[in-house]
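Worksheet: the structure to be examined is printed underneath.
The values are calculated or read from the model by the stated rules, or taken from the named source; none is laboratory data. A quick note: this is a predicted structure, and the numbers were derived from the prediction, not measured. Cβ: placed from backbone, ideal geometry, glycine included. Neighbour counts: every protein chain shown. Heads up: the accessible areas ignore ligands, DNA and RNA and are worked out on the full protein's heavy atoms, side chains in. Shrake-Rupley method; radii C 1.70, N 1.55, O 1.52, S 1.80 Å.
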Amino acid sequence: MSVERSGVVTFKGNPMTLVGPELTVGAKAPGATLIGAGLAAVNPLEAGAGKTKLFVLVPSVDTGVCSIEGKKFSDASQAFGDDVAVFLVSADLPFAQGRWCQAEDVKNLIMLSDYREMALAKSWGVYLKELGLYARAVFVVDKNDTVTYAEIVPEVASEPDYAAAVAAVNAA
């Protein structure tokens, strides 16, 4: 049975229920199979093996806040170097993610979709039960797949703390 957590996030002021356990700093990041470009199966922990991994989890790239967030992390990631993998994960189909990347000229994020099973959303505790989407969250996972930074944004329609996330990547 899945864990349900209330009182963690709101969406436009309305309380939401998160499904899945809370993923905290110091925990091992659970693996999950997601869908990448060309409908290829991708486990981001394996794809980013030996690297620091920044996970940008958003409800949908087709919304204004998610688009802004994706672009800001894309810009920030240009300074990270090759030892950091940056994953933007949503429930959007890979085709929509590809269109967004092309429209926004984003080439340095690894876009992954969890539309089939929402496996990562549920195992990382960021599945919005009422909406069937991701909560807005940012995680940094080190080279050993240990979570070193976790932010679940309290209001889904708000942006995350970019500076704290970038600092966590640089410290990992």
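If you count, for each residue, the other Cβ atoms within 10 Å and average over each peptide, how do 83-94, 156-167 line up from highest to lowest? If you can, show how the numbers build up before the last one.
Working: 83-94: 21.0, 156-167: 15.8.
Highest-to-lowest ranking by the protection proxy: 83-94, 156-167.
Specify the residue with the greatest mean-square fluctuation among G36, G132, G98, computed from a Gaussian network of the chain linking alpha-carbon atoms under 10 Å apart.
The residue that fluctuates most here is G132.
Before anything else, pin down the relative contact order of segment 1-87: Cα pairs under 8 Å, at least 6 apart, normalised by residue count, whole percent. Don't skip to the end; give the middle numbers.
Numbers: 79 pairs, mean separation 17.1, N = 87.
Taking the mean separation of contacting Cα pairs over the length of segment 1-87, I get 20 percent.
For all pairs of alpha-carbon atoms in segment 77-142, what percent lies in each bin of width 10 Å, listed from the first bin to the last filled one?
Histogram of Cα-Cα distances, whole percents per bin: 18, 47, 31, 3.
I need the Kirkwood Rh of segment 1-60: take the reciprocal of the average 1/r across all distinct C-alpha pairs and report it in angstrom. Please report the intermediate quantities before stating the final value.
Details: mean 1/r = 0.0702 Å⁻¹.
After inverting the mean inverse Cα-Cα distance, the result is 14.2 Å.
Could you give me the percent of Cα pairs per 5 Å distance bin for segment 41-119, shortest bin first, beginning at zero and ending with the bin that holds the maximum distance?
3, 15, 29, 26, 18, 8, 1
Among DSSP bridges having both ends in segment 58-149, what percentage is antiparallel? Round to the nearest 5. Can you show the working numbers first?
Working: 4 of 8 bridges.
The answer is about 50 percent antiparallel.
Which whole-number percentage describes the relative contact order of the chain, with Cα contacts under 8 Å and a sequence gap of 6 or more? Spell out each step's value before the answer.
On the way: 371 pairs, mean separation 54.1, N = 172.
Once normalised by length, the contact order is 31 percent.
How much of the DSSP bridge set in the chain is antiparallel, in percent, rounded to the nearest 5?
Close to 70 percent.
Net charge near P30: determine it from the other residues with C-beta under 10 Å of the C-beta of P30, scoring Lys and Arg +1 and Asp and Glu -1.
Working: positive: K28, K122; negative: D145.
Local charge sum for P30: +1.
Measuring with a 1.4 Å probe in the full set of protein chains, what accessible area per residue, in whole Å², belongs to segment 109-159?
Details: 1860 Å² over 51 residues.
I get 37 Å² per residue for this part.
Using 0.36 nm per residue of separation minus the Cα-Cα distance, give me the extension gain between D82 and E130 in nm, one decimal. Before the final figure, lay out each step's value.
Values: separation 48, 0.36 × 48 = 17.28 nm, distance 3.78 nm.
Contour length minus Cα-Cα distance gives 13.5 nm.
Where Lys and Arg each count +1 and Asp and Glu each count -1, what net charge lies around V89 among other residues with Cβ under 15 Å from its Cβ?
Values: positive: K53, R116, K122, R136; negative: E46, D62, E69, D92, D114, E117, E151.
Within the 15 Å Cβ shell, the charges total -3.
If I model a spin label at E4 and E151 as a point 7 Å from the Cα along the Cα→Cβ vector, what separation in nanometres do I get?
2.9
Please state, to two decimals, what the Cα-based radius of gyration of segment 31-172 comes to when divided by 2.2 N^0.38 Å (N = residues). Don't jump to the answer; show the numbers that get you there.
Details: Rg = 13.5 Å, N = 142, 2.2 N^0.38 = 14.5 Å.
Cα-based Rg divided by the globular estimate yields 0.93.
For segment 1-33, run through the trypsin sites (Lys or Arg not before Pro) and keep only the ones in DSSP coil with at most 11 other Cβ atoms within 10 Å of their Cβ. Intermediate results must be reported in sequence, preceding the final value.
Numbers: sites: R5, K12, K28; in loops: K12.
Sites meeting the loop and neighbour criteria: K12.
Place the peptides 114-122, 74-82 in order of packing, highest mean first, counting for every residue the other Cβ atoms within 10 Å and averaging per peptide.
Details: 114-122: 18.9, 74-82: 13.1.
Ranking the peptides 114-122, 74-82 by packing returns 114-122, 74-82.
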